[in-house]
Amino acid sequence: MTLDSIPRASDRRPMSLTVKSRVRSRVVFVDLLDLSEGGCKIRAKAGFGEIGDRVTMKVNGINAPLGYIAWIDGQVAGVAFEGAMHPAVIDFLCDQHRRNEAAGLGLRRPL
């Protein structure tokens, strides 16, 4: 079984932007790689956190539900939300991301 073969409660939506988060009360900028109602996949500098650490994130001005690091594989980690992100919020963020990408607006920060 691989991480990609784990059954999901909701579809993952691809994203590609840098968001401000907090892990262990420290500000950490992470690349948001995908987003779903129950969690997300992020990439950050090695050692940014450990499995079980609490994570808060603000995605384009919208607070994601409180989450925790469920798994880590190198610089990539899975965050499981304690509550669910509403599907309409995910649709809005994905649409906003697509519009910004089409307009050539750089929303990414290098890690």
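7 Å from Cα along Cα→Cβ at both ASN100 and ASP73: what's the point-to-point distance in nm?
Output for this residue pair reads 2.6 nm.
Just flag the trypsin sites (Lys or Arg not before Pro) in the range 18-48 sitting in loop per DSSP whose Cβ has no more than 13 other Cβ atoms within 10 Å.
Hits after loop and neighbour filter: ARG24, LYS45.
For a paramagnetic label modelled at 7 Å from the Cα of ALA46 toward its Cβ, which residues of the range 61-79 fall within the zone defined by backbone nitrogen distances under 15 Å?
Correct set: 72-77.
Counting just the Cα atoms, what span does the range 3-102 cover along each of its three principal axes? Round to the nearest Å and put the largest first.
So the three principal-axis extents are 33, 29, 22 Å.
Got a sec? How would PHE81, PHE92 order by Cβ neighbour count within 10 Å, fewest to most?
Values: PHE81 20, PHE92 13.
Listed from fewest to most nearby Cβ atoms, that is PHE92, PHE81.
FYI, it's all coordinate maths here, none of it is from the lab. Fair warning: this is a prediction, and the values are worked out from it, not measured in the lab. All Cβ positions, glycine included, derive from the backbone under ideal geometry; neighbour counts span all protein chains shown.
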